[in-house]
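The values are calculated or read from the model by the stated rules, or taken from the named source; none is laboratory data. Remember, predicted model here, so these are calculated numbers, not experimental data. Here Cβ is always computed from backbone atoms with ideal geometry, including for glycine, and neighbour counts include all displayed protein chains. All accessible areas refer to the heavy atoms of the entire protein, side chains included, with ligands and DNA or RNA removed. Shrake-Rupley method; radii C 1.70, N 1.55, O 1.52, S 1.80 Å.
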Amino acid sequence: MSSNALHPNKKLKTSNSNDNENNKNDNIINKDGFENKNDNIIIKDAYENNLKHINVIIPKGKLVVFAGVSGSGKSSLVFNTVAVESNRQWQSSYPLYIRNRMPHYERPKVESIQNLTPSIVVDQKTFGSSSRSSVGTAIDVAPLIRLLFSRVGKPSAGGSMAYSFNHPSGMCQECTGLGEKLVLNEDILFDESKSLIEGAIKFSQFSSGWQTYLYQNNAYLDPNKKLEDYSEKEWKFLKYGDNKKTVKVEIRSNNTGRVSEVVYEGVIPRFNRLYLKRDINKLRKNLQDEIKSLVHQGPCDSCQGTGLNPKALKSKINGYNIMDYNNMSIQDLMKIIQDIDSPVGISIAQQIHYILEKMIDVGMGYLNLSRKTSTLSGGEIQRIKMVRNLGSNLTNITYIFDEPTSGLHPFDAERIGKLLINLKNKFNTVLVVEHSRQMIQLADYIIELGPKAGSKGGEIVYEGTLENLNKKKTFTAVALKEKIKLNQESLQQQQQPKLKKRRKSKIKEEEDDDNDDDEEKKEEEDDDNDDDEEKKEEDDDDNDDDEEKKEEEDDDNDDDEEKKEEEDDDNDDDEEKKEEEDDDDNEDDEDYNDDDYNDDDYNDDDDEKEKEKEKEKEKWKDYYIIKNAKLHNLKNITVKFPKEYLIAITGVAGSGKSSLCEVFSKKYLDKVIIINQKPIGTTVRSNPATYTGIMERIRKLFAKENNVNASYFSFNSKGGCYTCKGTGRIVYDMAFAESVEVVCEDCRGHRYNEKVLSYKYKNKNIEEVMSLTIEEAIHFFKEDDKIKNTIQCLIDVGLGYLTLGQSTNTMSGGEIQRIKLASELHKESKIYLLDEPSTGLHYNDLQRLLLLLKKLIKHHNTVIIVEHRLEMIAQCDYIIDLGPNGGSEGGQVIFTGTPNEIINCKESKTGKYLKKML
């Protein structure tokens, strides 16, 4: 090793660098002995976002996992540095007129990156917002199926586009190919107890503004008459107008006084024309919400929801039309495609079969081709993108994945792991940002960033093999060594067991004695589980409150302990239920011994019968119930959700979890708070401060301090730079050359105008305040309870590393979900429904989330999570496991009960993997 050899994490001397520096070959050797040859990617002095001028070597031809707590800098290194620079250099080889039509990449903040290869990024970003985009179009199999029907279908509808709901020759004319349409709920549009003057039409556009003249200023309707007194003829005219003659209404302009005549149109046809047969997304948000409150989505009557015209639907292959193909699961469609033997269509069928096979390989066989991409999770989107690359014969490519096991059951995650290894074995480099134990344990090489998040992260804390990582004490190393522990609290919440009484007075005395024994037994169990108790104390000092709550619930629900001496034989059922709870959950507790009772007092035959009955009884007291659910692949299932508990809905991909949640949320619509990973902003103008509502308060503080209008402290309004309109950047279109994006010369990227930046609050201007991390902001606004409480919620969900002004369009799905959760905290007696809340979370962050969810339970809320992370599932109170497989082979309830019980359920894949990790 030469004298200029460098430790990869020592600060390098920076030098003027350009793209040609990638040809240099310094002799750098990393900790595990990878020499600096062309088989290593060498990064020098990377300082993108929170990276602390790091140097790192990434071995080529390996499966490399980037680990670390949320916000530690993983994405900054992998996506914002490696991927961006690879794509930027690759695109520079194209002619200018092509580059002008491609995404523009700025050079990342790094001195140099050597030995880069072309990269393919497989992330979880959505495909787009088109309502016509489906799974079939996303994997490019829809055109092949249309081509197949145009060649083999009988009778033929014509060419390939004659089978497309996106083309005029194939689409339904009524719904323009969407297959559904918004339908006005006429019953809720009118308040019959009011007159038109009083606002009987419950739609703002028809009850205020110029459109009110149509209904309040015409000779056919009395505006002062209550609608309940209208004749049938008046009702018909108000709702639908007059088809026989044209009625004109005079409208006077408030501004000019000019009078004009407008043709009268009934409320229903006018609403449909102006607000349903147009794209309402361009209307202001509050009007969109009002319209949506008055309508519901329904299938198109003309095409029965298919989006196709009758000619396309009539054409069939072996008894199936094209919508039959699109609506059946991919795994079922595979079997149908294999039956095609037409010489004209067999080659097309083989191409379709190949793509569908890849979908099954990534665990997506449960989907159907007609599924809208807007309904897919981030994990499903990423796996669809994987399908596009799995068949490639390219080598020496760097594949970059963002949590590829996100949203996957451990059973499905195994298959993804094998696919990534196959990619690597084709002489490719596979870089994975991941928190999953399964993926980390598959890695050839691990790079951990940290030690913490945000400004406290951005450093390389470990790089090397899994074997060496296990010898360290980093957050990831500790997490890997930490065994999963089952939640025992759900068992402690069960009722104490009692036997059925035969001789009332004697048995009661002995029950009192035995209850004392129970308390002693519990104390002994507590002593035996000191480690668990200490862990619980470290996680949440509030757990003592939980125990008190459990005792209160026991007393309130059953009154067993307080009323023992007053109960008579009518209370047998309660006592039998307690026996059943103890038998199922505390099999090791010998609280009651048959030898303590005389044969006269206790009947053995009756005991056996009682035990058989008890097995069929429920342990949990109060429920939300879903009966006979049949949505999608659900098999007419009935499910109970215990109230005020943490419940996990588990199962392999496509087993019916989302369908069950959809049924549940519709039934309990007034109580459910849905926290999903859908984007909350699509522009650089949306950020945590604006979403949580504290931005308005911050503006007011600045306004009061400086005695100016609050609107000055918004870059969307008076405070924005006049040149760049508050974006901080200017994009110049260079015609046939590449578009150039430069920092705005007037505001120098600050987004606010100079006058606004001169105003201060506590010695900081508005830009400096928005640059504070959330953890810093809670100290800055410590005197303002409203801001402080809201910021504390963001910290509670593990987002303290974000800045107040960070654009939400730069955030992951998991971060977006936690921002939504933060804005919904401190509510009581609600049902929180979370879609994979562990997405993007390190094990350390997971513990924080669990504490937060358990606090919600304390406030009499019920928390339901759709989850695959075994660490989360193990800590739930109750599990509903669906399966056994995905698609048509799923939709059944495999198991309901506690984590302690599911590990012994042989039919449950979840139980199998959970048992392995104990």
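Here are the numbers for this structure:
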read-out: Potential lengthening between D444 and E696 on full extension [0.36 nm per residue; Cα-Cα distance subtracted]; value: 85.8 nm
read-out: Charge tally in the Cβ shell below 10 Å around K316, where Lys, Arg are +1 and Asp, Glu are -1, K316 excluded; value: +1
read-out: Percent accessible area from carbon and sulfur atoms, the range 180-299, protein chains only, probe 1.4 Å; value: 45
read-out: Heavy atoms of T375 accessible to a 1.4 Å probe, total area in Å² rounded to 10; value: 70
read-out: Protection proxy ranking, peptides 274-282, 198-206, average beta carbon neighbours within 10 Å, highest first; value: 198-206, 274-282
read-out: Rounded accessible area per residue of the range 208-352, 1.4 Å, Å²; value: 60
read-out: Accessible area per residue, Å², the range 68-129 with all protein chains present, probe 1.4 Å; value: 44
read-out: Projected label distance in nm at D784 and S888, using a 7 Å step from Cα toward the beta-carbon; value: 5.9
read-out: Separation in nanometres of the label points that stand 7 Å from Cα toward Cβ, at D187 and S717; value: 4.2
read-out: Calculated FRET value between S169 and Y220, using beta carbons and R₀ = 35 Å, to 0.05; value: 0.20
read-out: Solvent-accessible area of V344 with every protein chain in place, 1.4 Å probe, in Å² to the nearest 10; value: 90
read-out: Computed FRET value (nearest 0.05) for V478 with H826, which takes r as the C-beta separation and R₀ as 30 Å; value: 0.40
read-out: 16 Å reach of a label modelled at D301, 7 Å along Cα-to-Cβ, counting backbone N of the range 160-181; value: 173-176, 179-181
read-out: For L221, solvent-accessible area (1.4 Å; no DNA, RNA or ligand), Å²; value: 10
read-out: The range 839-918: GluC sites (Glu not before Pro) in DSSP coil with no more than 14 other Cβ atoms inside 10 Å; value: E907
read-out: Surrounding net charge for Y722, when Lys and Arg each add one and Asp and Glu each subtract one, Cβ distance under 14 Å; value: +2
read-out: For the range 136-159 versus the range 822-899, the gap between their alpha-carbon centres in whole angstrom; value: 42
read-out: Heavy-atom accessible area ranking, 1.4 Å probe, most first, across D301, D402; value: D301, D402
read-out: Sites I674 and N100, calculated FRET efficiency, Cβ-Cβ separation with R0 51 Å, nearest 0.05; value: 0.75
